[in-house]
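Below: one structure, written as structure tokens.
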Amino acid sequence: MNLRWLVALAVLAFAPALAQEPKDNIAGPYVPTPWVIVDAMLKLADIRADDVVYDLGSGDGRLVITAAKRYKARGVGVELQPELIELANAGAKKEEVADRVKFIQGDLFETDIREATVVTLYLLPRFVTRLVPRFMAELRPGTRIVSHDYPLSPWKADKDVSMDVPEKEFISGTTWTRLYYYVVPARIRGEWELILPKQLARGPLSLEVNQEPHTVGGLVSDGRSEDYLRDMQVLGEKVSFGLLYNGKMIAFEGKAAGDTMSGEVSAKGVKGSWSAKRRSAAPK
């Protein structure tokens, strides 16, 4: 067999390995979250008995175990390392909450998290950022997220809490800790048909909403003019914004539910109901 054939066979043998890019899904080394931070994260998330708490990179399971024991919530931990899964299961049994928690050995970037009402995480910054599109697309509106130390950039936190934790100094070289709290917004990006009381608009208006993790806004058109929405906010299913239309400042409060929005509207001398029906979703 000549050299050319040897080279060709060698290339074929290594082709599958060359074609497969290694996954960069090890979301950081295992670092136990100090207990005082576990308490603060659960308090910030406002855990309730009807919650399903998912901890991504759950380690020894302390966060979901505490959520189950203290708040009677259900919990799911997602962890890649089998020895930590064993440790977490042993901890759940010891604390007598094994019937309310489970631990999944798997990739936190691929595990189904749609059941969650609360998500907690303590991951390296580049992995936190990678999760933002997934959170926005898959989690239900109103789901609360608490991230330890690293923000979900470019998503702006709804609130954050800073604290000093002396025992954390050996982990990161500083006692400073910051927790970021988010509420998953309703997905309202797209084109809508907007109906107002007849005193405010004679017929349906066109509403176009642009929504990104870090901003939301839109404009209204009646076929003759376009007016931008003012101070639009989406917190879970709650939607609010202002609109200057036909010389009147109109305030909107309401809720989004899938392909519809509705609520109360008020302007000088006028109060009533408004509604909107989705025409099409905006292209991603």
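What shape does the chain take by its C-alpha gyration tensor, where a ≥ b ≥ c are the square roots of the eigenvalues and a/c under 1.5 counts as rounded, a/b above b/c as prolate, and the rest as oblate? Provide the component values of the computation, followed by the final result.
On the way: a/c = 2.59, a/b = 1.50, b/c = 1.72.
Since a/c reaches 1.5 but b/c is at least a/b, the shape of the chain is classed as oblate.
Roll a 1.4 Å probe over the protein chains and send me the accessible area per residue for the stretch 116-165 in Å².
The answer is 40 Å² per residue.
Which net charge results for the neighbourhood of Gly269, defined as the other residues with beta-carbon distances under 14 angstrom from its beta-carbon, given Lys and Arg at +1 and Asp and Glu at -1?
Within the 14 Å Cβ shell, the charges total +4.
Just want to confirm a number: the relative contact order over the chain, from Cα pairs under 8 angstrom separated by 6+ residues, in percent.
Answer for the chain is 12 percent.
Between beta-carbons, use under 11 Å as the cut-off and find the net charge around Val78, counting Lys and Arg +1, Asp and Glu -1. Don't skip to the answer; put the middle values down first.
Values: positive: Lys102; negative: Asp55, Glu79, Asp107, Glu110, Asp112.
Here the charged neighbours net out to -4.
For the stretch 36-178, build the charge dipole from Cβ charges (+1 Lys, Arg; -1 Asp, Glu) around the Cα centre, then report which of Val52, Thr174, Gly75 sits farthest towards its positive end.
About the Cα centre, the residue reaching furthest to the positive side is Val52.
Between helix 125-138 and the chain, what is the angle of the helix's C-alpha long axis to the longest principal axis, kept within 0 to 90° and rounded to the nearest 10?
Roughly 50 degrees between the two axes.
Excluding Val183 itself, calculate the net charge of residues whose Cβ lies under 12 Å from the Cβ of Val183, where each Lys or Arg counts +1 and each Asp or Glu counts -1.
On the way: positive: Arg140, Arg144, Lys156, Lys159, Lys238; negative: Asp46, Asp158, Glu237.
So the environment of Val183 carries a net charge of +2.
Among Ala90, Leu243, Ala137, flag the residue with its Cα farthest along the positive direction of the charge dipole of the chain, charges on Cβ as +1 for Lys/Arg and -1 for Asp/Glu.
Value computed over the given set: Leu243.
Between the helical axis of 3-19 and the dominant principal axis of the chain, each derived from Cα atoms, what acute angle in degrees is found, rounded to the nearest 10?
Roughly 50 degrees, rounded to the nearest 10.
So, with +1 on the Cβ of K and R and -1 on the Cβ of D and E, and no other charges, what is the size of the charge dipole of the chain about its Cα centre, to the nearest 20 debye? Present the calculation step by step, with values, prior to reporting the outcome.
Numbers: 38 positive and 37 negative charges, 191 e Å.
With Lys and Arg at +1 and Asp and Glu at -1, about 920 debye.
For the ranges 76-86, 179-189, 209-219, what's the packing order if you count other beta-carbon atoms within 10 Å of each residue, average per peptide, and put the highest first?
Going from most to least packed, we get 179-189, 76-86, 209-219.
Given a cut-off of 21 Å, name the pairs among Lys72/Lys94; Lys43/Lys168; Lys72/Lys102; Lys93/Lys168; Lys248/Lys271; Lys72/Lys156 whose C-alpha atoms lie farther apart than that in the structure shown.
Lys93/Lys168; Lys72/Lys156
Can you work out the FRET efficiency for the pair Ser162 and Lys255, with r the C-beta to C-beta distance and R0 = 35 Å, to the nearest 0.05?
0.65
Full-extension gain between Ser262 and Lys94, please, as 0.36 nm times their residue separation minus the C-alpha to C-alpha distance. Write out the running numbers ahead of the final one.
Working: separation 168, 0.36 × 168 = 60.48 nm, distance 4.82 nm.
Full-extension gain reported as 55.7 nm.
Within the accessible area of the chain, what % is carbon and sulfur when the probe is 1.4 Å and the other protein chains stay in place?
Result for the chain: 54 percent of the exposed heavy-atom area is carbon or sulfur.
Mind pulling the angle between the C-alpha long axis of helix 62-71 and the longest principal axis of the chain? Nearest 10 degrees, somewhere in 0 to 90.
Taking the Cα atoms of the chain, the angle to 62-71 is about 50 degrees.
Where in the stretch 53-85 does the amide nitrogen come within less than 19 Å of the point 7 Å from the Cα of Tyr30, taken along Cα to Cβ?
Within reach of a label on Tyr30: 55-66, 76-85.
The values are calculated or read from the model by the stated rules, or taken from the named source; none is laboratory data. Please read all numbers here as calculations on a predicted model, not as lab measurements. As a convention, Cβ positions derive from the backbone with ideal geometry for all residues, glycine included, and neighbour counts pool all protein chains shown. Note: areas computed on protein heavy atoms with side chains; ligands, DNA, RNA excluded. Shrake-Rupley method; radii C 1.70, N 1.55, O 1.52, S 1.80 Å.
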